[in-house]
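Data block below; observations after.
The values are calculated or read from the model by the stated rules, or taken from the named source; none is laboratory data. Computed from a predicted model, the values in this text were never measured in an experiment. Cβ sites come from the backbone with ideal geometry, for glycine too, and all protein chains shown count toward neighbours. Accessible surface is based on the protein model in full, side chains and every heavy atom, while ligands, DNA and RNA are left aside. Shrake-Rupley method; radii C 1.70, N 1.55, O 1.52, S 1.80 Å.
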Amino acid sequence: MPVTITQTIHLPTAQKHPRKTPLATIKLKYFNIRARAEPARLLLACAGVEYQDVRVEQPWLSLDNEQYWEALRTSLPYGQLPILYWDGEEIAQSLAVARFLAKQFGLAGRDTLEEAQVDEIVYAIEDAVNARIDVLHETDEKRRKTMEDKFITKTVPTLFLQLEQRLVLRGGQFFVGNNLSWADIQAFFFCSELDNQAMLDNQAMLDKATHLADLVRRVGKIPNIQKWVQSRPE
Amino acid sequence: MSDIKLTYFPAKGRAEIARIILSYSGKKFTDERLSGEQFGAIKSSLPYAQVPVLDYKGQVICQSLSIARFLAAESGLTGTNNLENAQANEIVDAVADLQNAFVKVFFAKDQDGVKNALDKTYPAGLANLEKILKSRGGQFFVGNNLTWADLVVFQFVNDGMANTPPKDLKAFPKIANLCKRVAEFPNIKKWLAERPVTNM
């Protein structure tokens with residue numbers, strides 16, 4: 001049976017949402033990996049809301065999985081995952097999903113300018129995320145090595161310094177509005193993924209981006225985020 | 001010279017929460033500390049003959065909690081709607097009750113009163129706050145993000161009044177965790193390391 005359903009971590013009690021339905025039924029469906037669903041999962045964890053964390057076994061792991069996936073994708077709006085179901089409403093596209101959740105949880109900025117500032121950080125990081133995924137998908141060994149080197153020696157260090165400058169410009173504590181937002185969580189996501197893949201000497205690079213390193217550390221210590229990172233599936 | 005000036009005695013007392021909010025916000029301010037003599041000289045010119053007084057770009061605001069609330073609002077730390085504003089005010093008022101109870105017996109030199117405040121009143125008050133923090137998800141007191149309510153609780157736990165903070169937080173792990181995280185904010189960390197050491 002290719003589909004794994006995880007009844008999610010019931011992180012410390014329901015978050016009251018003054019604006020939206022407090023007890024929305026939430027279901028997030030993705031493969032059994034972090035990748036493009038993890039920002040949404042981090043946001044959901046931070047908010048402490050209950051949701052169904054549905055994980056479809058990776059189609060590339062077995063023929064059974066692949067067949068299941070090919071059948072499933074015909075029912076998806078863009079033939080892709082992740083997809084979010086919020087009180088039955090379907091939302092696709094990983095950044096749209098994450099932004100929607102960030103807005104629901106008050107983490108998307110408090111006015112139009114702050115929303116744009118959050119998005120700016122997210123898109124800057126997304127460029128690097130996509131570069132990383134391109135490396136993973138490259139089949140030509142030689143080209144892959146070149147792309148990987150570029151990612152490690154140029155893309156990531158450059159991004160770190162750019163994010164550091166932005167962060168310092170905003171006061172050095174958070175990317176937007178001097179308080180926690182999705183931008184900070186996205187930075188945490190990106191940096192902790194680099195750590196996980198042990199692909200880079202993350203620390204050496206972060207040494208130059210001191211405020212960014214401190215922010216990433218602090219976001220990791222937020223109780224629900226810490227708990228989610230410790231207990232999420234491998 | 002900054003266009004924000006906070007005037008008080010050389011003490012933490014009733015001005016420290018404003019200093020912490022200003023520090024967190026990153027806004028430059030003049031931290032004016034008056035000797036008894038200097039205070040005496042200007043006392044009659046002050047709106048309520050008291051300090052702290054905030055001079056904010058030419059506007060004068062008094063009353064320590066009003067000063068703090070205003071600075072918090074100017075820094076986006078009062079919650080995102082009226083309900084959250086009220087939830088934050090509630091926490092602040094609860095902490096003020098605890099502090100006022102202590103201040104009363106401390107300045108009356110009532111040793112039994114002080115003991116009672118530390119052994120009974122503070123733990124009971126913290127138990128209430130711990131429960132509320134837990135009910136809000138355990139990360140922040142209001143709206144699952146930082147507000148001045150968290151800074152007020154932090155200042156109470158870290159400093160107390162007259163350098164007498166609550167004895168220990170073993171029974172209040174979520175408050176302890178919150179305060180640890182507040183102390184880690186770069187601007188707060190910096191202020192705590194750089195602020196004058198005072199005996200009150």
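What the table below lists for this structure:
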| quantity | calculated |
| --- | --- |
| Rg over Rh [alpha-carbon atoms, Kirkwood Rh] for the protein assembly as shown | 1.04 |
| Charge dipole magnitude, Cβ of K and R +1, D and E -1 - the stretch A:130-234, Cα centre, debye nearest 20 | 260 debye |
| Whole-Hz couplings from phi, Karplus 6.51/-1.76/1.60, listed for the stretch A:98-113; x for Gly and Pro | 5, 5, 4, 5, 4, 5, 4, 9, x, 10, 10, x, 9, 8, 4, 5 |
| Accessible area of B:LYS131 in the full protein assembly, 1.4 Å probe (Å², nearest 10) | 150 Å² |
| Label point distance in nm, A:SER231-A:ARG144, each placed 7 Å from Cα along Cα→Cβ | 3.6 nm |
| Heavy-atom accessible area ranking, 1.4 Å probe, most first, across A:ASP119, B:ASP3, B:ASP110 | B:ASP3, B:ASP110, A:ASP119 |
| Per-residue ³J(HN,Hα) for the stretch B:136-153, Karplus 6.51 cos²θ - 1.76 cosθ + 1.60, θ = phi - 60°, Hz, x for Gly and Pro | 8, x, x, 9, 9, 5, 9, x, 6, 7, 5, 9, 5, 4, 5, 5, 5, 4 |
| Rounded to 5, percent antiparallel among DSSP beta bridges of the protein assembly as shown | 75 percent |
| Accessible area, probe 1.4 Å, largest first, for residues A:VAL129, B:VAL197 | B:VAL197, A:VAL129 |
| List of the stretch A:163-191 residues, accessible area with partners at least 20 Å² below that of the chain alone (1.4 Å probe) | A:GLN173, A:PHE174, A:ASN178, A:ASN179, A:LEU180 |
| Local electrostatic count, A:ASP64, Cβ distance below 14 Å [Lys/Arg +1, Asp/Glu -1] | -3 |
| Portion, in percent, of the accessible area of chain A that falls on carbon or sulfur, probe 1.4 Å | 53 percent |
| Only Lys, Arg (+1) and Asp, Glu (-1) charged, at Cβ; the protein assembly as shown dipole about Cα centre in debye | 1080 debye |
| Interface size B-A, as summed buried accessible area [1.4 Å probe, Å², nearest 100] | 1900 Å² |
| Karplus (6.51, -1.76, 1.60) ³J(HN,Hα), θ = phi - 60°, over the stretch A:205-216, in Hz, Gly and Pro reported as x | 6, 5, 4, 7, 9, 5, 5, 5, 4, 5, 4, 4 |
| At least 30 Å² of accessible area lost relative to the chain alone, listed for the stretch A:102-117 with a 1.4 Å probe | A:ARG110 |
| At R0 = 25 Å, FRET efficiency that the Cβ-Cβ distance of B:THR30 and A:THR210 yields, to 0.05 | 0.35 |
| Cut-off under 5 Å, modelled amide H: who pairs with A:PHE31 long-range | A:VAL56 |
| Rounded FRET efficiency, nearest 0.05, which uses the C-beta distance separating B:LYS104 from B:LYS170 and R0 of 25 Å | 0.40 |
| Debye-sum result for chain A in log10 I(q)/I(0), which assumes one identical scatterer on each alpha carbon, at q = 0.08 Å⁻¹ | -0.31 |
| Mean separation of Cα contacts under 8 Å (6+ apart) over length of chain A, as relative contact order % | 20 percent |
| Heavy atoms of A:LYS221 accessible to a 1.4 Å probe, total area in Å² rounded to 10 | 80 Å² |
| Shape call, the stretch B:77-157: gyration tensor on alpha carbons, a/c limit 1.5 | prolate |
| FRET efficiency, B:ALA49 to A:LEU61 (Cβ-Cβ, R0 51 Å, nearest 0.05) | 0.10 |
| Amide H within-cut-off set for B:VAL142, under 5 Å, with H built and near neighbours excluded | B:THR147 |
| Charged-residue dipole, Cβ positions (Lys, Arg, Asp, Glu), the stretch B:37-173 about Cα centre, Debye nearest 20 | 160 debye |
| Simple spin-label estimate for A:GLN165 and A:ASP134 in nanometres, 7 Å along Cα-Cβ | 2.1 nm |
| Averaged over B:142-148, number of beta-carbon atoms from partner chains that fall within 10 Å | 5 |
| Rounded if a/c under 1.5, otherwise prolate or oblate - the stretch B:64-200, Cα gyration tensor axes | prolate |
| Positive dipole terminus of the protein assembly as shown, leading residue within B:TRP191, A:LEU28, B:TYR122 (C-beta point charges) | B:TYR122 |
| Proximal charge balance of A:THR25 [Cβ under 12 Å; K/R count +1, D/E count -1] | -2 |
| The stretch A:133-234 shape via C-alpha gyration tensor axes, a/c threshold 1.5 | oblate |
| The stretch A:36-134: relative contact order as a whole-number percent, Cα under 8 Å and 6+ apart | 21 percent |
